[in-house]
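Comments concern the structure below.
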Amino acid sequence: MNLASLGNGRPDGQLVVVSADHSRFVSAGRVAPSLLAALDDWHATAPQLADLFGALNRLGKSLETSPVSPAQAAELLALVGDGTISGTIAKQVFEKMLESGDGAALIVEREGLKQTSDTGAIEAAVAKVLADRPVLIMTVTGMARLDVEREGYKRERLQALVVAEQRRAQGGGTATVTVSPAQYPELLKAVYRRADITKPRNLVGLAKDLPVPEMEALLLADIPVTEESMRELALQRGVAVRDYLATRQLPLERLFLGAPKTTADKAPATAGAATAASGAASGPTEAAWTPRAELALTIK
């Protein structure tokens, strides 16, 4: 993915996405105002920028030789940039633009092609499909990726140890336990003292008192994360989504769990932190992966 800054009189410039052959670019201002802003919120902006990059490359040559005007092309790409449609849908819209001569926004509205993040609308639609078609069942498949989630998994495990320490200090029980920022350092120190890990020692051989970041680093380094850990995480996600759907008018007897999917089931995507050089940035060649569960409708 190629990103660049276009001079606009501001210190950071305007964020643009550049095609793979560097012959075209399109504004990404609806995703982030500048390259720095995109990097600051990379987890959220990367999927939209990658989608816009893909659409620019897929549609670029067609746009050059088609009767679609530059303004219409810009409108189409803007709809991808702000998440109204995906890059794949953009190609369908472009074909309809050629057939009808209508603008992209009009076609998207008329054909009902807008993407939606409204979970209520999605749930209602799925519930209606299942109600109208008794032969259909839904399979929920949880997903996890070791290459992306390793550090996040370790952080969650460390937080669980801190919460367990707080529960122990409160005498056990099953009540909900919370840890405030003020309590965290002392609880983390207690977890560190209990941990069977190699610890820095002072001259008399006692474990040194360390700052919070150093204790965290040593504890995190000792937490194992395996493909089996990811399978368990993916299974938990699938169960959580299935159970949630069951509370939203979807019949449990028609909701099934698929085998959890992890990195081992699919080659990992090219990933890495974005870097900036000479006013351009490179990031993942595909949309940034996010934790999720897949839903599939099939005939029983």
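Please compute P(r) over all alpha-carbon pairs of the stretch 152-222, binned at 5 Å starting from zero, and give each bin as a whole-number percent.
The distribution over the stretch 152-222 is 3, 16, 27, 24, 16, 9, 4, 1, 0, given as percents.
At a Förster radius of 35 Å, what calculated FRET efficiency corresponds to the Cβ-Cβ distance of ASP40 and ARG292, to the nearest 0.05?
Approximately 0.90, to the nearest 0.05.
So which aspartates and glutamates pass the test for LYS154, namely a Cα distance under 19 Å, with those fewer than 8 places away in the same chain ruled out?
Cross-link targets: GLU165, ASP196, GLU214, GLU216, ASP222, GLU227, GLU228, GLU232.
What is the set of long-range amide H partners of SER34 at a cut-off below 5 Å, with H atoms built 1.01 Å from backbone N?
Residues meeting the amide H criterion: LEU15.
Could you give the length gained on full extension between THR198 and THR247, defined as 0.36 nm per residue of separation minus the Cα-Cα distance, in nm?
12.9 nm
Say R0 is 22 Å: what FRET efficiency, to the nearest 0.05, do ALA164 and ALA207 get from their beta-carbon distance?
That gives a FRET efficiency of 0.60.
At 0.36 nm per residue, and after removing the present C-alpha to C-alpha distance, how many nm does the segment from HIS22 to ILE223 gain when stretched out fully? Walk me through the numbers on the way to the answer.
Numbers: separation 201, 0.36 × 201 = 72.36 nm, distance 4.37 nm.
Stretched fully, the HIS22-ILE223 segment lengthens by 68.0 nm.
How high is the FRET efficiency from GLU109 to SER180, r the C-beta distance, R0 30 Å, rounded to 0.05?
E between GLU109 and SER180, to the nearest 0.05, is 0.05.
Say each of LYS189 and ASP132 gets a label point 7 Å from the Cα, pointing the same way as Cα to Cβ; how far apart are those two points in nm?
6.3
Using only alpha carbons, build the gyration tensor for the stretch 134-271 and give me the equivalent ellipsoid semi-axes, biggest first, whole Å.
38, 21, 10
No value in this document is a laboratory result; all are computed from the given coordinates. Here the structure is a predicted model, which is why all the values come from computation and not from measurement. Glycine also receives a Cβ, built like all others from the backbone with ideal geometry; neighbour counts cover every protein chain displayed.
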